[in-house]
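All remarks here apply to the structure that follows.
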Amino acid sequence: MKKILMLIIIAAIAVSCKDEEIIKESPQETIETKQRKEGKAMLHFDRVEELQSFIKERVSSDIDYLDEARNFSERGLYNPLLLVYNLDAREAEKKGIEEKSIPTVASDDDMLLLLLNEDGEIGIEDKIFRIDGDFVYTYTASGGSGDINNFTEQYNAGKIQMKRGGTLEFSKNLTVYMHDNVKSSEEENFVGRSQTNYQYFSNNYRMRARQFDGYWVFYSSIGSNTKVEERKKFLWWSWWKTAKTDNRLEYELSYEVRSTPGFPPVNFVTTASGFRYCNCNTAQRTYSWSVGVPWAPERYIPLEGESRHWAHWYTTNPNTVSVTLQY
């Protein structure tokens, strides 16, 4: 009887270990977030390699980033900035998000916006990176976030001068980088390193075609995407919100890969071509990406080529719009 009881216990332990292994292997369950006393929960990676795996798994698959952002939020992990940018006022209020506190991140890369929380933050090793406006702030979890307000006050008062691409060691806990990324406004289609173009089905629906490349200290990328936005209205307010539909993207280009100063030279020219067709929030392809602490080792400069974008909204006339963006 004792032998039988022992066999049952051993079998139960084996099953338990097997279940634990399955849980650990699940990418949804290995996501680690941290809560700071003075901030919101954010993604945190103890090693750069963990961040690389997180990004690689998603870039190489057909995961819908906005759907995943909603999933992370609903599970109580953190509120990705990608989701925050797609909330209406009532949804934001339910999540305790105030419009005036939402950071500005000049990027059309939905992968980057998935990485950042509602404060524009991500934790990597012993550092926290925050993007807001023209700056990328790097500080320690034990201190440094309070220095951001001091820096902002001095910068706005003209006591600190910085050039784009420049770095300032503001304090022992805070480093500030002034990025040179650009993003077009809704009123003007910017022609340059990154482009955004709007094609309208009607007054209430439009396709947003985007090319992006950016350098954010810990992360850099180049790619393009297609999405459709629906105009929402409440009283006298109106805003654009991502709508799921049939989106298409094709691309073919050459671009230069440049090493960041301090890293061994790896400058070379390469090409990318491919497509993404899906019924989704966004059809995105990232041609290349790079991560590192404290500096991402690569920058990407598009040279020549094009991306072709088209989308469908079947209840409008026309029900299909398209555009080709040149690099």
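Could you check, for region 282-300, whether at least one of its residues is of a type in the set (D, E) and either under 17 Å from S224 (Cβ atoms) or surrounded by fewer than 19 Cβ atoms within 10 Å (Cβ to Cβ) (or both)? No - not one qualifying residue is present in region 282-300.
For R285, the conditions (1) touching a Ser or Thr at 6+ places or on another chain (Cβ under 9 Å); (2) over 16 Å from Q195 (Cα atoms); (3) touching a residue at least 40 places away in the same chain (Cβ under 8 Å) all hold with the exception of (2). Within region 301-320, which residues are closer than 15 Å to T226 by Cβ and free of Cβ contacts under 8 Å to residues at least 40 places away in the same chain? Once the filter is applied, which keeps residues that are closer than 15 Å to T226 by Cβ and free of Cβ contacts under 8 Å to residues at least 40 places away in the same chain, region 301-320 yields only T320. Every listed requirement among (1) surrounded by fewer than 18 Cβ atoms within 10 Å (Cβ to Cβ); (2) on the phi < 0 side of the Ramachandran plot; (3) in a strand (DSSP E or B); (4) not basic (K, R) is met by G274 save one, (2).
Any residue in region 218-228 that is farther than 23 Å from L51 by Cβ, modelled with pLDDT under 95, under 19 Å from the mean Cα position of the chain (by Cα) and not assigned by TED's automatic domain parsing to the domain that holds I55?
Step one: of region 218-228, the residues farther than 23 Å from L51 by Cβ are 226-228.
This time we only want the ones that are modelled with pLDDT under 95, so: none.
Looking through region 218-228, none of the residues is farther than 23 Å from L51 by Cβ, modelled with pLDDT under 95, under 19 Å from the mean Cα position of the chain (by Cα) and not assigned by TED's automatic domain parsing to the domain that holds I55.
Taken over region 160-182, the criterion of being part of a strand (DSSP E or B) and touching a helix residue (DSSP H, G or I) at 6+ places or on another chain (Cβ under 9 Å) is satisfied by L168, L174, V176.
Residues in region 196-238 that are closer than 15 Å to T282 by Cα and among the aliphatic types (A, V, I, L, M): M207, A209, V228.
From the residues in region 114-132 that are charged (D, E, K, R) and assigned to a strand (DSSP E or B), which one is farthest from the chain's Cα centre (by Cα)? By that ranking, first place goes to K127.
The values are calculated or read from the model by the stated rules, or taken from the named source; none is laboratory data. All figures in this text were calculated on a predicted structure; none of them were measured in a lab. With ideal geometry, Cβ positions are generated from the backbone for all residues, glycine too; neighbour counts draw on all protein chains shown.
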